[in-house]
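> To start, I am sharing the structure in question, which I have written as structure tokens.
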């Protein structure tokens with residue numbers, strides 16, 4: 001009986017954690033660069049992409065898309081990284097591009 005209660009409590013806790021994590025990013029449409037970065041970080045965590053330091057982020061906006069770019073910029077090299085295009089209306093990632101560092 002106790003093990004059944006423990007399993008039920010763990011299942012309930014897992015559902016709560018999943019729902020609360022999904023609420024971290026505001027609902028679309030994306031109006032600010034912070035919202036676009038939030039969606040890009042969720043995409044990175046979901047796909048195992050690096051998004052913490054030493055990577056730097058850059059965000060640009062076009063009429064319908066936000067482009068979030070994460071790159072490593074060591075001196076005298078073109079650093080590696082990745083970027084995504086996020087649809088401003090829906091918050092979905094429409095394009096992913098990754099690149100490797102090129103050493104001099």
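The values are calculated or read from the model by the stated rules, or taken from the named source; none is laboratory data. In this text, all values refer to a predicted model and were calculated from it rather than measured experimentally. Please note: Cβ atoms are built from the backbone with ideal geometry, for glycine as well, and neighbour counts cover all protein chains shown.
> Starting from region 62-77, keep only residues that are over 14 Å from residue 96 (Cβ atoms), then list their pairs with residues that are part of a loop (DSSP other than H, G, I, E, B) and at pLDDT 90 or above whose Cβ atoms are within a distance under 8 Å, requiring at least 6 positions of separation or different chains.
64/88; 64/89
> Within region 21-34, does at least one residue satisfy the condition of being modelled with pLDDT under 90 and not in a loop (DSSP other than H, G, I, E, B)?
Within region 21-34, one or more residues are modelled with pLDDT under 90 and not in a loop (DSSP other than H, G, I, E, B).
> I've got another one for you. Could you tell me whether any residue of region 44-60 is in a helix (DSSP H, G or I) and out of contact with any strand residue (DSSP E or B) (no Cβ under 9 Å at 6 or more places or on another chain)?
yes
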